[in-house]
Amino acid sequence: MNAQAPALAARGVGKRFVDRQTRAAVVALDAVSFEAAHGELTALVGPDGAGKTTFLRLAAGLMGAEAGTLQVLGIDVARDPQAVQNRIGYMPQRFGLYEDLTVQENLDLYADLHGVPAATRRDRYARLMEMSALGPFTARLAGKLSGGMKQKLGLACTLVAEPELLLLDEPTVGVDPLSRHELWEILLGLVAERRTTVLVSTAYLDEAARCAQVVLLHQGRVLRQGTPQDIRSEAEGLSFTAVPATGDSVRRLQARLFDDPPTIDAVPRGGAVHLVRRDVRPDNPDAALQAVLAGARIEAVAPSLEDGFMVLLDAVVGGERTTAAPGVADLPAGSVSAAAEPPTVIEVRDVVRRFGDFTAVDRTTFSVRRGEIFGLLGPNGAGKTTTFRMLCGLLPASSGFLRVAGHDLRHARAQARGKIGYVSQKFALYASLTVDENLDFFGGAYGLRGTRLRMRREAVTTRFGLGERGATRAGELPGGYRQRLAMAAALLHEPEILFLDEPTSGADPPARREFWRHITTLAESGTTIVVTTHFMEEAEYCDRVLIQEAGRVLAVGTPLEIRRQAGERDGRPPDMEQAFTAIVAQARAAAGDRVAA
Amino acid sequence: MMRRVLALTRKEVHQLLRDRSNLMLGGVLPIILILIFGYGLSFDVRDAPVAVVMEDASPLAHEAIAGLTLSRYLAPMIVRDMPSAEALLHAREVDAILRVPADFSRRYAGGDAQLQVILHGVDVARARTIDSYLRAAVGQMALREADRAGALRGGAAAGGPVSIEQRMWFNAANTSTWFLVPGLIVLITTLVGAFLTALVMAREWERGTLEALFVTPVRPIEILVAKLLPYFAVAMLGLVLCLLAARGLFHVPIRGSLEVILLASVCYVFVSLAIGLLISAATKNQFLASQIALVVSFMPALMLSGFLFDLRNMPAAVSALGHVLPATHYLELLKSLFLAGNVWPMILRDTAILLLYALLLLALARSRTRKRLE
Amino acid sequence: MRDTLYRLLNICRKELLVILKDPANRLVLVLPTIVQSLIFGYAATFDLRAVPYALLDQDGGQAATELIARVDGTGFFERVATLHSEAGFAPVIDTQRALMILHIGPRFEQRLRAGGPAPVQVIVDARNSNTAASAAAHFAGIVAAFNQDWLARHGAAGPALTIETRAWFNPNLETRWHMLTALIAGLSMIQTLLLTALSVAREREQGTFDQLLVTPYRPFEIMVGKALPSIFVGLVQASLILMVATLWFGIPLVGSLIALYAGLILFTTACVGIGLSISALSASMQQAMLYTFMLAMPFMLLSGLATPIKNMPEAMQWFTAANPLRYGIDIVQRIYLEGVGLGTLAGDIAALAVIAALTLPLAAWLFRHRLA
């Protein structure tokens, strides 16, 4: 095979689907042309519904294109999909591991299917096990692995044949930063050592930044193809950092900046606000911007790939936001008294939860005050979900004391549940019911009815931009809208506390920004938020975060305190992701020592 | 090719062995059914309670009902009067009433005596059987009387002028177990074949395990073969259990050759498996697949195959529908092989039909299973 | 109180919407029920028609001809072959061309005129024991009539004794009446069991169960919310079959419709209790389906629908005591065909009430204790 020829070449690829409800054709891909060079990493990025998954499925020969040609490893996929499938590795978004088979059995299956000879198998297994750190768990059923381990096993199954081309569809969704890091090390190693070609779709721009080429898809079209540097340069001179003046908070500053129309992007980062502005030069602010900044200190910084991405998207979408700018009017009542210390609404004391002889949560103590955004962080399998489920009253604690919204969870679970809202990780509303039917049901579940229910429904649908979709079935909503519907359903009854389990997992950057804007507004108006996330930069929106590992609390504090706890780097505290990685790695090393001793 | 099939089959076997519910359906349900069919189900009427109302207490009247007490099928009980007998029938304490009217002796002398039978007509088969037993029991009196008359004329021994020498071929005692057991085999193979396979393939679609599997060198036919093999084994296990029970527990004769039984069963198991695979390829949804499997394979095998109800009795259209079903041919064949022996014309015809169905349905399942997500 | 009612109504409404909004679901609930009741209405019959038989008449005399004429004349037996020797017996039976062979031996007439007995041989294919018994009984009837007439004509008549038979509740002894009325309970039981067994398993698989559990609904309320709609759907199913029975097949409804529905409500409640218990015990939809199936089969077979419970061995009779279908079929048939009131059915009602009273709390308990 000619090393110069591209591993994958798309020319004018088009694909349409028929909408089941309206019978109208929906364009998924429209004249997509690009090439992925041999032996390189190419990232496919773009907002939800851009056509990333469809493109990968076409390339894997799982679907047929209506227009254009798609050459994979020099073969026309449409003509001979089997020839392509013999030579590539494909990891779908939801890798269908056989959950009732063990790790080893899953691996063996794929090794056998790819005809990996027994002689080479031992070495390869050993390497895959080392890379994925799955070695100790080969006899465990795949269904019993944590989310991150499942993804790594999926990747291991895909890699077992050492394919020439890897197609990976969002391989790191729901994977914790440590595992994500490990996974990428595996990929980079493959490309470096074996000149494997990799085409990976991802919602994490920091991952795309590690690729040689980035293809930005938007609504089925290629918006831009280039090196990360090319895309980064789109935001050249538009990226800044704003350090809030004393007395102001990062979150408030971020919110004000975000709501200011010329802003393309504003996120809290390292105790300041990272900012991308469209036209106005923030380092020389006009009066309007000065009002927004309220004395914040502005500095120009080098743009990130994400900045370039946001600028490119902004150019097509024009900064249009699909949800209503959250005003204060429709927010749940609850006055923020600046003077008094807000009361404690969640109290967790010495809580232990065991499953058989396995301790999922071990003597955990923390409390959350009203109006706080409280982040639960930790690697996959650290006990976050168990803690979360106990707080929501879904799971009783084995021992210890839990008080939520003024109710002891041992005695008054139903009362406590009436005061909380819960958005689960997986979409968990009734897919066959319409948006309105779902909202009516959940409203009714919390005792809302009549005019009150109608008013609340109106308020949340307006707020989350669901107004026109009242009659759409929840299952047919695009991903982002499902997320909003889940939020709307959880907020109908104006809960005192909102629990969010990995709410932004798999969401694209603009959607995540909007989502967090809603969260910060809610917190401002007195709603307490407890949230888990694997996006460490999102932890910076939190007032305080807790890091869990192996069921134990490693650290609790403000993002700044956490970063300081991890130690300084080059005279400055590390960013949240580095801090998190360092803290967890330290704990793991200590645990290893204890076992060794 | 072989290696991939082996790998997939191994996977299938692991999954099969790890889910208890599968094994229960494949192994425990046949045993339960065998016990139910062998011991619980019987169309044979034994000791059917009959209320006898003697409005005429004469010796002649007693003679009229004497046959009832001798019958091992009937359990007569003398009841005071009609209202209490009717009350018993209403409460279904008795299956029938035999009434000997007050004028029985008088009219008997006159030559037109009449007995009255009232049947509980809800369970029709039972009612008919009881009716015929009652007639036979009462008829004995007529025969005895006729004998006496005949004896006067100097001649005959027992029995009427024309007696029936009845021979039940293949099932001399006409026990229903003998004909239920072949039907049971059909039910179990249908159930395991169609129902289980319809679920397993649909489950893979539902859980999304096929997407990654498709993008490997594996061919659709290999996926199908790997699904067929383990469930074929489970179905054959059910079959062997049934055969053992047939011989060991119920002493059903196997007059035909065991080889032919196995050959025909293999064909039919493939038919069932193919139906299951087709259903799941078409629906890709477990709930729907199970419902369809129930409606197109199991229920017809129960109702339209000639198992419970003889196809000969049905309206032409329904009977024709029954004759289209593979289960009907398999059942016909099994019954003959068990009870009659090797009837070659039937064996050749029915196995050919089953084989044809198997090939056709498997080919259809193959063409419906494509490595595509649309 | 009113709040609780509203909330219950709310969850029932949701459950119904979930069941009925899916077009495939709707189809599955309605179409098979109607098709099955129609097919079974036609197929389920033990009433023999046109029994094919073969004849070997080695006598050929007048009496034999008369007997044969009687056999052919009933319309019940249909001669498909006239044989010339006993060698023809096996092929014609083996291949199922004929169900019965009538063999009249060479000295039939001679023996008959000598005062009998003059035997005729009847060979019946007993591979289907029902059909065999039925055909043999029919033939015996023909011979009995022949005998009586023969005796009467030849002056040796014993006194004629006739039996007048009437059948209550089903005057023409139509199997269909028995079958369809039983199916009203049978088919709706299968659907109700499956629907409830799947309802929780489906919510578990789709993740909506957790969302439901974080609402202030108590396990008991969730259970009621699952139970009532299922009972409703079960009743709709029963009504469909009821309509097929009355409107299409014209089986007269003797008893009171209100009593019938009262009985059915209790019956479906008991089924729902069992279905919900299965549901709480199953980890996946597949398990729920398989377990339902494994329970529904014995329920159907040992309900008295196929064979009377009285004929069963002691141990199985004990099992049938826990079988709701046994009581359900009894209630439906006795109200529908016999026209009895609920008072007469106190035993059935009590049994169903006990099943419901045991299984519903069991399901609620399982809900609570399997949340983890």
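The values are calculated or read from the model by the stated rules, or taken from the named source; none is laboratory data. Please read all numbers here as calculations on a predicted model, not as lab measurements. Every residue, glycine among them, receives a Cβ derived from its backbone with ideal geometry; neighbour counts consider all protein chains shown.
Checked against the criteria, A:Phe515 does not count as assigned to a strand (DSSP E or B) and either away from every other protein chain (no Cβ under 12 Å) or at negative phi (or both).
Residues in region A:501-512 include none that are modelled with pLDDT of 90 or more, on the phi < 0 side of the Ramachandran plot and hydrophobic (A, V, I, L, M, F, W, C).
Scanning region B:321-336 for residues that are touching a residue at least 24 places away in the same chain (Cβ under 8 Å) and either in contact with a strand residue (DSSP E or B) (Cβ under 9 Å, 6 or more places away or on another chain) or among the β-branched types (Val, Ile, Thr) (or both) turns up at least one hit. Residues satisfying the criterion are absent from region B:302-323 (criterion: modelled with pLDDT of 85 or more, of a type in the set (Val, Ile, Thr) and within 21 Å of B:Leu184 (Cα to Cα)). Set side by side, the residues A:Arg482, A:Arg563 differ, and just one is assigned to a helix (DSSP H, G or I) and not assigned by TED's automatic domain parsing to the domain that holds A:Phe441, which is A:Arg563. Among the helices (runs of 4 or more DSSP H) confined to region A:210-298, the ones with at least 1 residues that are modelled with pLDDT under 90 and β-branched (Val, Ile, Thr) are located at A:250-259, A:287-293.
Considering region B:324-340, the residues that are farther than 13 Å from B:Trp178 by Cβ, over 14 Å from the mean Cα position of the chain (by Cα) and surrounded by fewer than 24 Cβ atoms within 10 Å (Cβ to Cβ) include one that is nearest to the other protein chains (Cβ to nearest Cβ), namely B:Leu325. Pick out the one residue from A:Gly61, A:Gly96, A:Gly74 that is at positive phi, among the small types (Gly, Ala, Ser) and buried (at least 17 other Cβ atoms within 10 Å of the Cβ). Selected residue: A:Gly61, the only one of A:Gly61, A:Gly96, A:Gly74 that is at positive phi, among the small types (Gly, Ala, Ser) and buried (at least 17 other Cβ atoms within 10 Å of the Cβ). Regarding region B:215-230, can at least one residue be identified that is within 26 Å of C:Arg26 (Cβ to Cβ), of a type in the set (D, E, K, R) and within 13 Å of another protein chain (Cβ to nearest Cβ)? Checked region B:215-230: no residue is within 26 Å of C:Arg26 (Cβ to Cβ), of a type in the set (D, E, K, R) and within 13 Å of another protein chain (Cβ to nearest Cβ).
Quickly run through region B:344-355 and pick out the residues that are in contact (Cβ under 8 Å) with a residue 40 or more places away in the chain and hydrophobic (A, V, I, L, M, F, W, C). If the condition is that a residue be in contact (Cβ under 8 Å) with a residue 40 or more places away in the chain and hydrophobic (A, V, I, L, M, F, W, C), then B:Ile347, B:Leu354, B:Leu355 are the ones that fit. Being outside any loop (DSSP other than H, G, I, E, B), within 29 Å of B:Ile34 (Cα to Cα) and within 14 Å of chain A (Cβ to nearest Cβ) is a description that does not apply to B:Val240.
For A:Thr451, the test of being more than 13 Å from every other protein chain (Cβ to nearest Cβ), farther than 15 Å from A:Ala431 by Cα, assigned to a helix (DSSP H, G or I) and touching a residue at least 40 places away in the same chain (Cβ under 8 Å) is failed. Assessment of region A:222-237 against the conditions (touching a strand residue (DSSP E or B) at 6+ places or on another chain (Cβ under 8 Å), more than 30 Å from A:Gln290 (Cβ to Cβ) and basic (Lys, Arg)) yields at least one matching residue. Picking from residues in region B:205-237 that are of a type in the set (Ser, Thr, Tyr) and assigned to a loop (DSSP other than H, G, I, E, B), the one that is farthest from B:Leu187 (Cα to Cα) is B:Thr216.
For the condition of a type in the set (Asp, Glu) and out of contact with any Gly (no Cβ under 9 Å at 6 or more places or on another chain), B:Glu206 qualifies. Residues considered: B:Val343, B:Val269. Of these, the only one that is among the β-branched types (Val, Ile, Thr) and within 14 Å of chain C (Cβ to nearest Cβ) is B:Val343. Here the condition is being surrounded by 16 or more Cβ atoms within 10 Å (Cβ to Cβ), more than 12 Å from chain B (Cβ to nearest Cβ) and either on the phi < 0 side of the Ramachandran plot or out of contact with any helix residue (DSSP H, G or I) (no Cβ under 8 Å at 6 or more places or on another chain) (or both); of A:Tyr125, A:Tyr90, it holds for A:Tyr125 alone.
Here is a yes/no grid of residues against (1) farther than 25 Å from C:Pro298 by Cα; (2) over 26 Å from the mean Cα position of the chain (by Cα); (3) of a type outside the set (D, E, K, R):
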site	(1), (2), (3)
B:Arg4	yes, yes, no
B:Leu29	no, no, yes
B:Ala48	no, no, yes
B:Met54	yes, yes, yes
B:Val100	yes, yes, yes
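Within region C:307-344, the residues that satisfy the criterion of being in contact (Cβ under 8 Å) with a residue 60 or more places away in the chain and either in contact with a Lys or Arg (Cβ under 6 Å, 6 or more places away or on another chain) or buried (at least 23 other Cβ atoms within 10 Å of the Cβ) (or both) are C:Pro324, C:Leu325, C:Tyr327, C:Gly328, C:Ile329, C:Ile331, C:Val332, C:Gln333, C:Arg334, C:Ile335, C:Tyr336, C:Val340. Taking the conditions exactly as written (surrounded by 17 or more Cβ atoms within 10 Å (Cβ to Cβ) and assigned by TED's automatic domain parsing to the domain that holds B:Gly139), does B:Ser21 satisfy them or not? In short, no.
Candidates are the residues of region A:412-427 that are over 23 Å from the mean Cα position of the chain (by Cα) and assigned to a loop (DSSP other than H, G, I, E, B); the one that is nearest to the other protein chains (Cβ to nearest Cβ) is A:Lys419.
Each row is one residue, and each column tells you yes or no for (1) within 26 Å of C:Leu260 (Cβ to Cβ); (2) more than 9 Å from every other protein chain (Cβ to nearest Cβ).
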{"site": "C:Gly304", "(1), (2)": "yes, no"}
{"site": "C:Trp318", "(1), (2)": "no, yes"}
{"site": "C:Pro324", "(1), (2)": "yes, yes"}
{"site": "C:Val332", "(1), (2)": "yes, yes"}
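Scanning region A:78-87 for residues that are under 14 Å from B:Arg219 (Cβ atoms) and more than 9 Å from chain B (Cβ to nearest Cβ) yields a count of 2. The single condition among (1) assigned to a helix (DSSP H, G or I); (2) out of contact with any Pro (no Cβ under 9 Å at 6 or more places or on another chain); (3) within 12 Å of chain C (Cβ to nearest Cβ); (4) aliphatic (A, V, I, L, M) that B:Ala363 does not satisfy is (3). Do we find that A:Leu155 is within 20 Å of the chain's Cα centre (by Cα), aliphatic (A, V, I, L, M) and more than 14 Å from chain B (Cβ to nearest Cβ) in this structure? No. You will find that of B:Val117, B:Val122, the residue that is modelled with pLDDT of 80 or more and either in contact with a Phe, Trp or Tyr (Cβ under 7 Å, 6 or more places away or on another chain) or at positive phi (or both) is B:Val122 and no other.
Does region A:159-172 include one or more residues that are part of a helix (DSSP H, G or I), crowded, with 22+ Cβ neighbours inside 10 Å and on the phi < 0 side of the Ramachandran plot? The answer is yes, given that some residue of region A:159-172 is part of a helix (DSSP H, G or I), crowded, with 22+ Cβ neighbours inside 10 Å and on the phi < 0 side of the Ramachandran plot.
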